[in-house]
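These notes concern the structure reproduced below.
Each value in this text was obtained by applying a stated rule to the coordinates, not by laboratory testing. Here the structure is a predicted model, which means the values were calculated and not measured. Cβ placement follows ideal geometry from the backbone for every residue including glycine, while neighbour counts extend to all protein chains displayed.
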Amino acid sequence: MRLLCLSAAVLIIMPCLAAWPAVRPPAAAGGEGASTTVTRIGVDHVLVTAGRDYETVTARFREQLGAFDAAALKRSLEAGDDAATRAAVERMAGPSGFMLFNTQEHGALLGLVDIRAKAVQYVVGNPLFAVEMTRHAVGAGLYAPLRVLIREVKPGQTCIEYDRPSTLFGQFRDPEVDKVAAGLDRKLESLIESAVR
């Protein structure tokens, strides 16, 4: 049985404050005319807990992903053929439309503090989805690709965590970015559903 839990604890600030950026004067060591803007945003943190073993969930998750090939993308971009570049990126995507950029073995790192755990962060996305947002708000590149954490809660129970893309990208207040981000919500939900069913 699956439990879906939305947590507003991470990065959530009262809605009335979310729209108010705070501007601080430049630090003394900064360049002339430098300024810092801090904006509070609200993010939906999603936890999906499934009665499935960790190995099964991670295998099903990974089989829906393609593999990002940075060298192939670089060669294609340098060749200057946009159509060929798009085709090359499309070939990298898996059935979910996403590809795997990287993993971080947080469970293995916990061994440094004598904790045994199974927990891996997956960096997933698609450059073609990213560019449809960054063409309107280049700051969206901070959140693309996305991050998903899969961890074992106990034998036979696994949790998948992520921040809902539309709430990350919503801070840019651009309808075109919002449209792509809503699509990412659906794609990520579908990917996770396929991993836990």
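Details
- Projected label distance in nm at His136 and Lys74, using a 7 Å step from Cα toward the beta-carbon: 3.1 nm
- Overall form of segment 108-158 per C-alpha gyration tensor (a/c, 1.5; a/b vs b/c): prolate
- Here the spin labels are modelled as points 7 Å beyond Cα on the Cα-Cβ line, and at Thr37 and Val113 they lie 3.6 nm apart.
- Set of lysines with alpha-carbon distance to Lys179 below 25 Å, sequence-local pairs under 8 removed: Lys187
- Cα gyration tensor category, rounded, prolate or oblate, for segment 80-144 with a/c compared to 1.5: prolate
- Relative contact order, percent, segment 110-197 [alpha-carbon distance under 8 Å, six or more residues apart]: 25 percent
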